[in-house]
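Following: one structure in C-alpha cells, then a few remarks.
The values are calculated or read from the model by the stated rules, or taken from the named source; none is laboratory data. Worth saying up front: this structure is predicted, and the values here are computed from it rather than measured. Heads up, the Cβs are rebuilt from the backbone with ideal geometry, glycines too, and the neighbour counts pull from every protein chain shown. Surface accessibility is based on the protein's heavy atoms, side chains included, excluding ligands, DNA and RNA. Shrake-Rupley method; radii C 1.70, N 1.55, O 1.52, S 1.80 Å.
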Number of protein chains: 2
Amino acid sequence: MIMAAANLPPLDLQPGILITAGVSGGPDSLALLHYLHSLHYPLLVASFNHRLRPGAETDINFVRAFAASLGLPFVTDSADVAAHAAAQGLSIEEAARELRYQFLFREARKAGAQVVAVGHTADDQAETVLMHFLRGSGLSGLKGMPARIILPVFDAEIPLVRPLLNWTRSDTEAYCRQHALEPRIDPTNTDTHYFRNRLRHELLPILEQYNPQIRQSLARSAQTLQRDYTLLNSLIETAWQKTVRSSGPEFVEFERAGLEKLDPGLTRNLFRKAAFELRPGLRDIDFEALERAATLKPVDLAGGLKTYLEGDSLYLTSDTASLPSTVWPQISAPFSLLAGRTALGNGWFLTCQEMNADNLQAVARSNPDKLTAWLAAELNTGGLQARAYRSGDRFEPLGMPHQTIKLAELFINQKIPQRLRRAWPVICVSDEIAWVPGLRQAEPFKITEKTLRVVKIEFKYEAGQV
Amino acid sequence: MIMAAANLPPLDLQPGILITAGVSGGPDSLALLHYLHSLHYPLLVASFNHRLRPGAETDINFVRAFAASLGLPFVTDSADVAAHAAAQGLSIEEAARELRYQFLFREARKAGAQVVAVGHTADDQAETVLMHFLRGSGLSGLKGMPARIILPVFDAEIPLVRPLLNWTRSDTEAYCRQHALEPRIDPTNTDTHYFRNRLRHELLPILEQYNPQIRQSLARSAQTLQRDYTLLNSLIETAWQKTVRSSGPEFVEFERAGLEKLDPGLTRNLFRKAAFELRPGLRDIDFEALERAATLKPVDLAGGLKTYLEGDSLYLTSDTASLPSTVWPQISAPFSLLAGRTALGNGWFLTCQEMNADNLQAVARSNPDKLTAWLAAELNTGGLQARAYRSGDRFEPLGMPHQTIKLAELFINQKIPQRLRRAWPVICVSDEIAWVPGLRQAEPFKITEKTLRVVKIEFKYEAGQV
C-alpha cells in the first residue's frame, strides 16, 4: 500500500500543536518530519547521538542541515549508551531507548511542545508483535505499540505519538523518493547481532512465505488487541476505583461487598494489580492462587503477600504490614484523657466529656455501642489514662464482681484478630482497667444510683480523616 | 518436560464420569486413552474413519483391538470427508473435523457420556496459535484451544475436553514407550500439503532457532489470552443482559440509560455482538463507525444496519425492520371496540369501559395522560372503531371547533418517528376521527355538562406481556 501524501489516512493530531519530532535521519523519521511540516505543524526537530558508531555525528549534522532547510529549530544531545547499559544492566537497545526518550521529553518540556512524535511504522509494529509472540507474551506484549501513549517514566502529561504506524516501511521510502529526500542509512539496521534486525531481515521474509501480507496482518492484530487491552484495563481500573478503600506501602484494602459483585476474573486482575503495585519486582503470581483468592477466601499469593478478611474489608497484604483498622481503634503511646477530641491516627478519634449523671444509668446499661462508655467520674479522681494492651492484663468485668479475667482470654473468646491485640486500647484509672473499648467495661467503675457525675468516652472512626 | 504418569498435572475432570474418548490410534490419543483408563474413568472408545487414505481401516481395527484389550466398549463410523468438503465448500481439514465431532458427540449422547475427550497437546496448541498469528487474528483466534468448551453446533451440554493440553508431543511419545504402547503413525501427518503440517515440520523448527522453548511459550500465551478472552466475553455478556431490552430477527433494542453507564469500549462490543447476531455472515464492521455509535449518536454501521434512538431506547436495526415501540402503540387490522381488554401485540393493550359521566368533565380536561381519553358515549351510537392512520386523515381537534387539520401535519409537529406513523392508531365513530391517541382528541366527541355516559379508552404498555 504505497500512499501518496494525498491519500494518507488523516492524522489523529490536533491541528497547530507544537510537536517535538525525534529524527535520526533515516527514511522513517525523515518522512515523518517532512510530512508533519507539509501539514503546517509547528515543529522542534530533536536528534539524539547514541555514540554507538563512527558515522553518528555525520547523521546528526545531516538532520541539523535538513531542519535548517525547512527553517525549523533543531536540538541535539548525546550520551554514552554503552556505559549506561553496563551501569543499569540493560541491553544496548534498552539503554539507547531510555536515554533517547529522556532527551526527547526533556526538550519537549523545555519547548512547551504538546507531543513527542516518532517515526515507527507498521513494519516496526510487526517486528514488535513478532518479538513478543516469540517470547510467549500475553495481551500487554502482543498488542504492540499504541499510536498514542503517556509514558509516566518520561513525562506524566506529554504523550508519545506514532503518526506513521499505518505506513509500511516501503511507504516511507516511496515518500522520500517522491519528495527527493535522501535519508541516511544506519548500517546497524542490518546488523543481525541485534535480535530485532534478525526478525526484520531473516524471520519476517520466511513468514511471508506463509502469508505474503504478514506485516499488515500483524499490524492489524496489534490494533484489535490494543482495543481489547485498553478496554480490559479500563474495566479493571473502574473496578479498582470502586472497590479499593485504602492502601499503603504494604497493603491494599478492598471493600468485600464490592468485590462480591464483580466478575471473579475481574477480582483476579485486581489482586494481580495490587500484588504488582506492592511488589513491583514480582516475576509472576501463581494463577491458581489468584483464582482461589478471587473466591474471597484467605490465600497465600506470592512474594510474602496474602489475602486476609476482616469485617467488611479484604486486605491484600504482607505478613508484616501494619494495617489500619476501620472496625477497631488502635493506640500507640499512652496518654491522659482530657475533655474534647483526640486524634488516634488512621481515621480514629477519642472524645471525652464530663456531664451530670441524671438518667444515664439506664442508658449506660442498655448501650449497644461497644465503643462508647460512661464511667463514674467520682471514682476517677486519679485521672483517666489510655494505653495499649499489655500482656498479662487482667480486670474485673461488669456483672462479675470480685472475679478477674485475663484480657488475652477475652480476645480469644471474642475472636479479635491477632494483629489488632498488641495495640488494643484500654482505659485505666491509675493501674486499674476501667474499660476495654469494644469488649467490656469494668465492674468497679460502673455508674450507680449514687453517681452524680459521669465521663462519657467515645471512640469513633471517620472515613477520610487522618 | 517429559512427564512420568506420577508427576502429571492433576486432571480437571470429575472422578468417575463417563468419557467418550476420540481415538485415532496415534501417540496422542493412544496415550490419552491409556492414561484416562489408568485413572479408572469409565470410557467409551470412539474412532472415526475419514476414508482419506488406504490404511485408515487398519488404524480403526488397531484401535478396536486396543480397546478390547483394555475391556472397553468401542464404536466407529465413517463418512466421505472429501465429498462433504466439496458439498459444503470446506477444506478437507474442516470437513474432517466437522464429521468427526458430529460422530463423537452423537456417540456421547447415545452412551450418556458426560464429556468428549480428545488428545490435543501443547504442540497442537502452539500450531493453532501460530496459524492464527500468521493470519493476523485477534484475541479469539490467538487464545488457541481451550481445555474445556461447549460447542453448541455439536452439543449444547456435553463439553469437549482436552486433558493433554499441557503435555508436549514428546510427552505422549514418551508415555507410549513407557507403557509399551505401539501407536499407529498417520502418514498424512507429514504431508506438507496441509498448512498445519507445514507449520509443524517447517516453520516451528525455524522459530525454535529464535526461542528453543517456542512451543511452551506459545502454549503459555494461549493460556493467558484465554483468560483475558473469557473475562472480556463474560463482561460483555453481563453488559448485554443488563442493557438489552428486546430483540428480533431485524433489531436489538438497548436501554439507553444503561448504555450511558458503560465504558464506551464495552458499548462498542455490544453493538458489534448485536450486528453479528443480526448478520451472521457479516465480514467486518468499520471500527470508526462502531466508535461513533458508542457515543450513542445514530450511525450507519454495516450490512444495512444502523443505530437509532427512540425515547429511552437505542435500536440497532435494519432500515426495513418493523420495530416494536414501548412508547407509542401501533395497530394493524381495524376492529370494533368492545368493553374489556384487547391485546394489540408487542406488549400493548387497549381497555374500554363505559361509565357514568359524573365529575369526569374536569378530569378529562386536565388529563395529562395522552394515552387515555373519555369520549361522550351518546355520540358513539354507531360504535367505536380502532384503525391505523390513513394518508389524508383529517380531523377537528379539541379546542378548534369547525377547523380541521391534517393528521400528517400533527405527526410532523409532534416529531413522531416516521416509522411509527403508518400504524398509528386512530379511534373513529363511523368515518369520523374521535381521538388520535398520544396526540389529540377531536372537538365533536368531547364530554360536556350534558354528557351522561362516557367511554373511557386506555392504551397501555406492559413490559413482558405480548
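Treat each spin label as a single point 7 Å out from the Cα along the C-beta direction, and report the residue B:349 to residue A:414 distance in nm. Once both label points are built, they end up 5.8 nm from each other.
Carbon-plus-sulfur accessible fraction, region B:123-172 (probe radius 1.4 Å, protein heavy atoms only): 56%.
For region A:179-253, GluC sites (Glu not before Pro) meeting the loop criterion (DSSP other than H, G, I, E, B) and having at most 13 other Cβ atoms within 10 Å: A:208. Treating region B:64-133 as a set of equal point scatterers at the Cα positions, no solvent, please give the Debye-formula log₁₀ I(q)/I(0) at q = 0.23 Å⁻¹. Ignoring solvent entirely, the Cα scatterers give -1.11. Distance from the C-alpha centroid of region A:361-432 to that of region B:62-78: 76 Å, rounded to the whole angstrom. For region A:108-231, what class follows from the C-alpha gyration tensor (a ≥ b ≥ c being the square roots of its eigenvalues): rounded when a/c is under 1.5, otherwise prolate if a/b is larger than b/c, else oblate? Judged from the Cα gyration tensor, region A:108-231 comes out oblate (a/c at least 1.5, b/c at or above a/b). Kindly provide log₁₀ I(q)/I(0) values, in the same order as q = 0.07 Å⁻¹, from the Debye equation applied to equal alpha-carbon scatterers of the protein assembly as shown. Per q value, in the given order, log10 I(q)/I(0) is -0.93.
In nanometres and ascending order, the distances from the residue B:400 label point to those of the other copies are 8.8 (point 7 Å from Cα along Cα→Cβ). Working note: 222 nm ellipticity from helices only, DSSP H runs with n ≥ 4, each -39,500 (n - 2.57), summed and divided by the residues of chain B, gives -10500 deg cm²/dmol to the nearest 500.
What is region B:240-367 by shape, rounded, prolate or oblate, if you read a ≥ b ≥ c off the alpha carbon gyration tensor as root eigenvalues and call it rounded for a/c under 1.5, prolate for a/b larger than b/c, and oblate otherwise?
prolate
For residue A:418, the point set 7 Å out from Cα toward Cβ sits 7.3 nm from its twins in the other copies, listed from shortest up.
Holding the Cα-Cα limit at 18 Å, pick out from B:370/B:460; A:143/B:306; A:261/B:261; A:306/A:370; B:415/B:456; B:273/B:306 the pairs that are longer than that. Too far apart for the 18 Å limit: A:143/B:306; A:306/A:370; B:415/B:456.
For chain A, the relative contact order comes to 11 percent (Cα pairs under 8 Å, sequence separation of at least 6).
Dipole magnitude of the protein assembly as shown about its Cα centre, charges +1 at Lys/Arg Cβ and -1 at Asp/Glu Cβ only, in debye to the nearest 20? List each step's numbers first, then the result.
Values: 100 positive and 102 negative charges, 205 e Å.
Its charge dipole is roughly 980 debye.
With protein chains left intact and a 1.4 Å probe, residues in region A:214-367 average 49 Å² of accessible area per residue.
Using the Karplus relation 6.51 cos²θ - 1.76 cosθ + 1.60 with θ = phi - 60°, the per-residue 3J(HN,Hα) values for region B:152-157 come to x, 5, 9, 7, 7, 10 Hz, with x marking Gly and Pro. Solvent exposure of residue B:196, expressed as accessible area, is near 60 Å², computed with a probe of 1.4 Å over the protein chains only. Considering only alpha-carbon pairs that sit under 8 angstrom and 6 or more positions apart, the relative contact order computed for region A:327-383 is 25 percent. When the other protein chains are added to the chain by itself, burial of at least 40 square angstrom of heavy-atom accessible area (probe 1.4 Å, ligands and nucleic acids ignored) affects these residues of region A:132-154: A:133, A:134, A:136, A:139.
Rounded to whole numbers, the Karplus 3J(HN,Hα) couplings from phi for region B:136-142 are x, 6, x, 3, 5, x, 5 Hz, using 6.51 cos²θ - 1.76 cosθ + 1.60 with θ = phi - 60°, and x at Gly and Pro. For region B:213-241, a decrease in accessible area of 40 Å² or greater in the assembled protein chains relative to the isolated chain, with a 1.4 Å probe, applies to B:221, B:225, B:227, B:228, B:231, B:232, B:235.
With an a/c value of 1.5 or above and a/b larger than b/c for the gyration tensor axes a ≥ b ≥ c computed over the alpha-carbon atoms, chain B is described as prolate.
Compared with the rule-of-thumb size 2.2 N^0.38 Å for a compact globular protein, region B:315-466 has a Cα radius of gyration ratio of 1.03.
Ranked by accessible surface with a 1.4 Å probe, highest first, in what order do B:446, B:297 come?
B:297, B:446
Principal-axis analysis of the Cα atoms of chain A puts helix A:27-38 at an angle of about 90° to the longest axis. Inter-copy label distances at residue B:318, using a point 7 Å along Cα-to-Cβ, come to 6.3 nm with the shortest given first. Which of B:153, B:26, B:447 sits farthest toward the positive end of the charge dipole of the protein assembly as shown, with +1 on the Cβ of Lys and Arg and -1 on the Cβ of Asp and Glu? Going by the Cα projections, it comes out as B:447. Summed over both chains, the area buried between A and B is near 3300 Å², taken from the accessible surface of protein heavy atoms with a 1.4 Å probe. In order along region A:386-392, phi translates into HN-Hα couplings of 10, 8, 7, 3, 10, 4, x Hz, rounded to whole numbers, per the Karplus curve 6.51 cos²θ - 1.76 cosθ + 1.60 with θ = phi - 60° and x for Gly and Pro. Taking Cα atoms only, the orientation of helix B:56-69 departs from the longest principal axis of chain B by about 80 degrees. A Cα-only calculation for region B:28-80 places Rg and Dmax at 11.6, 35 Å. Working note: Cα atoms of region B:359-414, range along each principal axis, descending, whole Å: 35, 27, 23.
Here's the list of aspartates and glutamates a cross-link from residue B:110 could span, going by alpha-carbon distance under 15 Å and ignoring same-chain residues fewer than 8 apart: B:77, B:155, B:157.
Per residue, the accessible area of region B:1-143 comes to 41 Å², computed with a 1.4 Å probe over protein heavy atoms only. Counts of other chain beta carbons within 10 angstrom of each beta carbon in peptide A:195-205 average 1. Reachable aspartates and glutamates from residue A:242, Cα under 13 Å, same-chain residues fewer than 8 places away excluded? The reachable aspartates and glutamates, counting only those whose Cα sits under 13 Å from residue A:242, are A:253, A:255, A:260.
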